Amino acid sequence: MSSGNAYQSITELAGLTLFKRFEGGAVYTQEHSGKYNVAIDESSIASLLPPEELEDMELIKVREFNSEQERLVYLASKYSDFT
């Protein structure tokens with residue numbers, strides 16, 4: 001598993017499938033360039049914080065996995081209530 005680049009907006013990522021919504025954001029899955037990604041979007045909190053606090057925050061994170069199975073294990077460990 002590895003982390004991807006920093007993104008300013010979830011719209012910068014193509015081909016996302018909504019996996020789960022949560023208070024403050026959402027989790028998406030994506031298949032891109034032979035990798036199985038999980039995109040975690042916590043950018044909805046941005047409107048609640050002053051700009052100086054946002055400078056060092058990574059509000060959109062992308063985790064990259066080599067297989068769909070690796071991604072499923074990660075999702076199950078982080079979001080154990082998914083079916």
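Describe numerically, in nm with one decimal, the distance between label points set 7 Å from Cα along Cα→Cβ at ALA14 and at SER77.
Simple spin-label model gives 3.1 nm for this pair.
What angle, in degrees between 0 and 90 and rounded to the nearest 10, separates the Cα long axis of helix 68-78 from the longest principal axis of the Cα atoms of the chain?
50
By counting other Cβ atoms within 10 Å of each Cβ, how are ARG21, ARG63 ranked from fewest to most? Can you show the working numbers first?
Numbers: ARG21 10, ARG63 20.
Lowest count first: ARG21, ARG63.
Laboratory data are not the source of any read-out in this text; all were calculated from the coordinates shown. In this text the structure is predicted, and so the values were computed from the model without any measurement. Positions of Cβ are generated from backbone atoms using ideal geometry, with glycine treated the same way; all protein chains shown enter the neighbour counts.
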